Structure formats: structure tokens, C-alpha cells
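Chemist: Below is one structure. I have some questions about it.
What follows is calculated from the coordinates using simple rules that are stated; it is not laboratory data. Because the structure is predicted, anything quoted here is derived from the model rather than measured. Glycine gets a Cβ as well: all are built from the backbone with ideal geometry, and neighbour counts include every protein chain shown.
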Amino acid sequence: MSEAKSELPEVIVVGRPTIFKFYDEELSKKYRMLKSWESSLALENYICKHGQSVKAMICSPSHLGIQISSSLFRLLPSLRLIVTTSTGLDHIDLVECRRRGISIASAATLFSEDVADFAVGLLIDVVRRISAAHRFVNNGLWGQFPLGSKVGSRKIGIVGLGSIGLKVAQRLEAFGCTISYQSRNKKPVPYPFYHDVYELATNCDVLVICCALTDQTHHLINKEVLRTLGKKGVIINIARGAIINEMELVQCLEEGEIAGAGLDVFENEPNVPKELLSLDNVVLTRHIAFLTEDSMRAMYELVCGNLEAFFLNKPVLSPVLDD
């Protein structure tokens, strides 16, 4: 290792965040990045070997399968900052961070525009049967094709009216859709508010899942909610897969209890239920709603800004927990 390299601030990187596929070289010029995936050692062994003096961590979102919890914190006695490249925080033990005085910086609202656009795109695809029509033509067919339905006539229920949910609402309102929502708290917005997701489903024919994954929202969307949505109902999920009971969703789709689904996230990624693959009324994507060239550049700048602020003893740019 060169002397200049050894003088750079150390940052341990857990889980190979997507940003490193695009900005690995740039990040490595600014910091001595200890990349766990480049080692043959198991993660805990790698951290035990390299992490004693490390003060900052960059970590992946939860769908990449690594939990940032007390078992790792015990191996990182000097850790004072976690920079996560996601909006969701379900992969980080927040209580333990508070106890240990570890700050967290997240992606905050960085991906909201892109994810909202993607949610609307999934809905249009499902109800207008765009992907199904593509497969139809791709198979050499040019006959009668099943009709889709109008987007603008839909009654949209948004589960979780945070930054992403609000942007979804604004976009679909422009299509002429009727908007209502369910959230932890009532918001200062003109849309009808429902305390209960069942009540929301009763009054809607589309549910767009935008909430965080917590103990309270795990399997929030089950067969009872889906059946309440009705046979013309559509569900869109750009949040976290485990918010929906996936097997019950499959059952409702196969039995015609709802009309269709657009899913960017799954309960046990990268595993997708094989039953979904053969359904023509389902659109599937691989957790890419947040991924654009623009969002990755913005994420790189935010990660660098958070790390720079931390190492200069300044407030981080996108804090979740204060010191």
C-alpha cells in the first residue's frame, strides 16, 4: 500500500452497495475503502481483522441481505457513522445505534422522484397491459388482444404518504385519478385519510405500497386486504417485498381475486416465486425503481458529502439519528 493511500481516512464497506459499480475508483481516491466483498474471509472475520479503528461505514440496503446489528457493532468499537445508500432503514438496528452513539446518514429523499416515476410506470404497464402486449407481438401474434383499462378512472390508495408516496399521488392526480391514503399520521394534504389499510382498500381499486418495512408493516398486505380491494384491483409495490404476504398475493392472482400486480420488490430477494413468472397480468422488475444514471451520481455526491462532513467534525448532510 502506498504511503498516500494509507493516510486516507478508513471507511469499511459492507454488502457491496450499487454505487460502487459506478463510482468505485472515484470513492477510492478520497478514502481508504475496506471492501468486505473483495476478501475471501467471512464478513465477521473480515471486520474483526480490519475494523478495530474504523470510524465510518458504508452499507447496502436490506434487500442485499446483510443486517447491521449488535453482532457487527461489537467488532467495530470505534464506529461512529453509518452511511446507508438506501432510504429504508430496516437493515440497521436503530436502537443499538442510539445506545452506542452511532450516527446514521441515509439517502433521505434522493430517490423519491425516480421511484415515484417507476411506480406510475408499473401501474400504466399493468392496467394497459403493455408488457403483455409486447410478449403477444414477440410471439408472432397479431389477432384479438385482451383489453386493458383506463388509468385516469382509477381510485388510488397510497400506503405510506412520505416523500415517495406524495410524489406518486401528485403524478397520478395529473392523470385524473382519485387519491386517498393510509399512513401513520394524517398529513396536511387534500386527500382523504384512512387509519386502516382495510378501509383504504374498500374505497380504492389500486394500492400503491410506499411505506417503510417495520414490524408493524410486515405482511400488512394479506389476502383479506387484497380481496377487499376487489377483482378489478391492482397492487403496485416499490417499497419492500415483505410488506406483502407474497404467497397470499400469488394465490389471489391465480384465483382472479385481483386483476394484476406490478412488483419491483420481493419478499426473499433475489428469489421470485415461480408462480409469478407465468402470470400475464403481472409485471416484474428487479428492485430497480431507484436506479438511474442521475440518481447514482447524486448518491455518490451525497455519500462523499456525508463522509467529508463527518471527518471534518461537521454535521452530516442527511442525518437519521443525531449524536
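Chemist: So if we plug the beta-carbon distance of LEU8 and LEU284 into 1/(1 + (r/R0)^6) with R0 = 45 Å, what FRET efficiency do we get, rounded to 0.05?
Modeler: 0.65
Chemist: Over 26 Å apart: what share of the alpha carbon pairs of region 112-284 falls there, rounded to a whole percent?
Modeler: 23 percent
Chemist: Quick one: which of LYS167/LYS314; LYS187/LYS223; LYS29/LYS49; LYS150/LYS274; LYS231/LYS274 span more than 26 angstrom between C-alpha atoms?
Modeler: LYS167/LYS314; LYS187/LYS223; LYS150/LYS274
Chemist: Could you check the spin-label model distance between GLU199 and SER70? Points 7 Å from the Cα along Cα→Cβ, value in nm.
Modeler: In this crude label model, GLU199 to SER70 measures out at 3.8 nm.
Chemist: Taking Rh as the Kirkwood radius, which is the inverse of the mean 1/r over Cα pairs, what is the Rg/Rh value for region 225-323?
Modeler: Here the Rg-to-Rh quotient is 1.18.
Chemist: Could you give the length gained on full extension between LYS21 and VAL272, defined as 0.36 nm per residue of separation minus the Cα-Cα distance, in nm?
Modeler: Roughly 88.0 nm would be gained on extension.
Chemist: Using 0.36 nm per residue of separation minus the Cα-Cα distance, give me the extension gain between SER78 and LEU94 in nm, one decimal.
Modeler: Stretched fully, the SER78-LEU94 segment lengthens by 4.1 nm.
Chemist: Related question: Could you tell me the relative contact order of region 112-284? Use alpha-carbon pairs under 8 Å, at least six residues apart, and round to a whole percent.
Modeler: Value for region 112-284: 21 percent.
Chemist: On to the next question. As an exercise, find the ratio Rg/Rh for region 27-98 from alpha-carbon atoms, using the Kirkwood inverse-distance average for Rh.
Modeler: 0.93
Chemist: How far apart, in nm, are the 7 Å Cα→Cβ label points at ASN222 and SER149?
Modeler: With each label placed 7 Å out from Cα toward Cβ, I get 2.5 nm.
Chemist: Oh, and also: Quick one, what does Rg over Rh come out to for the chain if you take C-alpha atoms and the Kirkwood Rh?
Modeler: Computed over Cα atoms, the ratio is 1.02.
Chemist: For a Förster distance of 22 Å, can you work out the FRET efficiency between the beta-carbons of ALA298 and ASP117, rounded to the nearest 0.05?
Modeler: Computed FRET efficiency for ALA298 and ASP117 comes out at 0.90.
Chemist: Normalised by the residues of the chain, what does the relative contact order come to in percent, with Cα pairs under 8 Å and at least six apart?
Modeler: 16 percent
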